[in-house]
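Working notes for the structure below.
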Amino acid sequence: MSKELIGKIVDNVLQGRRNKDDEGIEEGMAGEPGVAELVQDAIDSGIDTDEILLNGLSRGMEMVGQKYETGEYFIPDMLTAAEAVEEGMKVMEPHLVKGEDGSGKGKVIMATVEKDLHDIGKNLVSIMLKGAGFTVVDLGIDVPAARIAEAAEEEKANLVGLSALLNTTMSNMGDVVKELEKKGLRDKVKVLIGGAPTSEDFAQEIGADSYGKDAFAAIREAEKLLK
Amino acid sequence: MIDKTSLGLLENPGILCYHEESVSLLEKAGAKATATREGEHDAWWVSIPEKVVRQALETVPAKITLGARNPENRVILEAEGNRVHFGSGSETNYWLEVKPETFVSREDGHERIIPVMKRNRGNLDYLCRSAHLSEQLENLDFFIRNVNVQDDDITTENKDVNVFFAALNNITKPVISGVADFDQLEKVVNMAEIIAGGREELIKNPVVSFITSVVKSPLQIVAETAEKLIAIARLGLPVVISTSPQGGSTAPIDEMGMVAQVNAEALAGITINQLANPGAPVIYGAVPVRARMDDLHDMYGVPEFCHYNMDCAQMARYYKVPCYSTAGVGDARVPGIQAAVEKMYTYTAVPFAAPGLVHYAFGLLDKTQTFSPEQAVLDNHKIGMAKFLHRESGVNEEAAERTLKTVQEVMHSPYRMYARHARGMLRRGEIFGGFPFEGDSEDQDQTLLNVHEHLKELEARDKQYLPEEICKKIFDTTPGLLPRLNPYK
Ligand code: B12
């Protein structure tokens, strides 16, 4: 029974179905329970939250990653699967034991830096991080450095992910590092940057911890930094 | 206006006809013929009045089926339809072999793999390979022999049966072809009957159709081809009247002049065909090309070529006769940037006029002198793009309703992304796949190398040979077939 439910969760992550209203990759699935309903069922039947998280949601997302690598899945498939995982996490949240704050692999603040409005790449990174089991607080676009540092403090974040697509705004990433230092948070919060004009070298230059060239690198680097 | 000018030409100067039976068919219908001598040959100036042409056009079927070994691959041509089918052709003398070789740069000492090319004379084996490859290319809808076989054991007497068999034994799509020797026509038809399962079956599912270049531009009807045309008309098998004048030498180079003449030539052919057998399936074939100004060779990748061909397709539509047109020939000698420009240009333009058939579309280079299988694979992709471009518009009532729903939904979702919506289309195959042969080098175009690898995979796929008993029957009843073509021997 529990095996079957967990298996169904995996399948529905693969199908990218948040809830019963969604279509899957194969058509004609609308109406069947999706990830939200299945996770609720699993909790109601007493299955351990760890089990749901590890063998259901995370396992599903891992398989999605593999399918992407073999060329069977594309970015839209990854995004819809990640959304389904996020929906499952929302259902789980109130049931997680105290001490386990539901942040899974860690808590990440994501933002596009001040004066920059580009957010397609940043959203992709946010959604994929969520799908990989991180808790993500997304502050949106055009976010001043001081506000990012403040949020990191309030949310007790482990990682700040910054995005910039303009060479005129990338220097604002350095300001975020400085603001974190000012608040005495720099040793508690790692900084990961990304966006087309940025680079490994640039990360070092501004004192960030790491750089990721795409959403997969973002997951890899975040996992490395928060190990 | 084109119609009026063409009919004017058919009346005066009329056509110069070298075929006596055609002359008498035309005379009986009301044309005026005056005997003359052209060099060593008897010939007739035939003035064809408008009403003779109009009457002939009335009996032309507006819908023709090109049969195929696999009935799912049949092509249905409708004179006023919008479906454009792409096929191969024509007989090239050379087959271009691509061989990747490793070179070391004198500049930087780095090794690079460069495709080296070699032209080989066409032969039967290449023809079989080409037909098998054509079976694999999903955007190829019909097959016209595209390699001229120059084997030592091929003669005038056995060529037709062998090339038809080589094609029919390797492809299950419609085969359209010319017959080199009139005396072989009967044997070829007999072979087709065996495959189709009898005479009546062949008429219903004509696994072979024919091409006759009955016109020698300007405005001359050739005796030998006219004879074939009449014979095929009487058999009731589909035939393309093909005329290929060159603007600047055998036809006027300006759009009006070229199209008026080529249209008159096609009409003359169709008229003779219908007089021989009213209601016989006939296809308006026009292959007007432009001359190159420096050497008077054909030139295909130019705007005038598109004008000529699009005009002809519209004329065929106006007469309600299915149309055979042309696109995709490279003037370039080898695959590369020039070939891509020339080909993509005509693949895109010509289908705007919606001819039912577009031939010459796969692998042709060096103004139809050379066939390159790698180029054919590349062309398959380009034609996919053209087909996608010219498909039915996605703007309609149902889509409008769907759009309102989608946008309303996405605007209230967390990241306002249309990825879920895109995924649906992706999975339904409604999103074009992009360039499949993209390389990953930063200093070299690897397209041809990647295509070469893909070609090897396609060529390794199973062969769709005719069933053994059919092969046996064909070999038993067809003199001249070379035993080495028999896959079951
Ligand atoms: C879409 C776009 C826009 C859209 C943005 C819409 C939106 N919702 O984001 C609009 C139209 C608003 C826009 C505006 C402008 N744009 Co603009 N834009 C682009 C464009 C075409 C695509 C960016 C994109 O979304 N790419 C797709 C995503 C998936 O890729 P990505 O963003 O790079 O993200 C990936 C990685 O970089 C990485 N990543 C991204 N963030 C992060 C974060 C972390 C932590 C990690 C680890 C990884 C990571 O992972 C992502 C996923 O793989 C780029 C061109 C380009 N090729 O990049 C120009 C571009 C970025 N824009 C440019 C310019 C100049 C502008 C404008 C100034 C134009 C103008 N004159 O008005 C304005 C600026 C507005 C502003 N103040 O920000 C220039 C920037 C030049 C430069 N180097 O400074 C570019 C490069 C175009 C160009 N070649 O000129 N733009």
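Structure above, values below:
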item	result
Qualifying residues in the range A:84-129 (those that are at positive phi and more than 9 Å from the ligand (Cβ to nearest atom)) - the one modelled with the lowest pLDDT	A:99
Members of the range A:135-165 found to be within 10 Å of the ligand (Cβ to nearest atom) and under 10 Å from residue A:109 (Cα atoms), listed by number	A:159, A:160, A:161, A:162
Yes/no for residue A:62 being surrounded by fewer than 19 Cβ atoms within 10 Å (Cβ to Cβ), closer than 17 Å to residue A:127 by Cα and of a type in the set (D, E, K, R)	yes
In the range B:169-194, the residues that are assigned to a strand (DSSP E or B) and of a type in the set (A, V, I, L, M, F, W, C)	B:175, B:176
Residue ranges of strands (runs of 3 or more DSSP E) in the range B:1-66 with at least 2 members without any contact (Cβ under 8 Å) to a residue 60 or more places away in the chain	B:32-38, B:41-47
Which numbered condition residue A:70 fails, given (1) surrounded by fewer than 16 Cβ atoms within 10 Å (Cβ to Cβ); (2) free of Cβ contacts under 8 Å to residues at least 24 places away in the same chain; (3) within 14 Å of chain B (Cβ to nearest Cβ)	(3)
Hits in the range A:36-54 - residues which are at pLDDT 90 or above and farther than 16 Å from residue A:22 by Cβ	A:41, A:42, A:43, A:44, A:45, A:46, A:47, A:52
Condition broken by residue A:196, with the remaining ones in (1) farther than 24 Å from residue A:83 by Cα; (2) at pLDDT 95 or above satisfied	(2)
Flag for residue B:96 being touching a residue at least 12 places away in the same chain (Cβ under 8 Å), closer than 30 Å to residue B:118 by Cβ and crowded, with 21+ Cβ neighbours inside 10 Å	yes
The lone exception for residue A:132 - which of (1) at pLDDT 90 or above; (2) within 15 Å of the ligand (Cβ to nearest atom) it fails	(1)
Close pairs from the range B:155-176: first closer than 22 Å to residue B:240 by Cα and touching a residue at least 60 places away in the same chain (Cβ under 8 Å), partner in a loop (DSSP other than H, G, I, E, B) and among the basic types (Lys, Arg), Cβ under 6 Å, at least 6 apart	B:172/B:69
Helices (runs of 4 or more DSSP H) contained entirely in the range B:396-462, each with at least 1 residues that are away from every other protein chain (no Cβ under 14 Å) and surrounded by 12 or more Cβ atoms within 10 Å (Cβ to Cβ)	B:397-411, B:447-459
Single unsatisfied condition, residue B:199 versus (1) more than 30 Å from residue B:444 (Cβ to Cβ); (2) touching a residue at least 12 places away in the same chain (Cβ under 8 Å)	(2)
Odd one out for residue B:367 among (1) at pLDDT 95 or above; (2) over 26 Å from residue B:77 (Cα atoms)	(1)
Members of the range B:100-139 that are more than 17 Å from residue B:374 (Cα to Cα), outside any strand (DSSP E or B) and of a type in the set (A, V, I, L, M, F, W, C)	B:124
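The values are calculated or read from the model by the stated rules, or taken from the named source; none is laboratory data. None of these values were measured; they are calculated from a predicted model. Neighbour counts run over all protein chains shown; Cβ positions are idealised from the backbone, glycine included.
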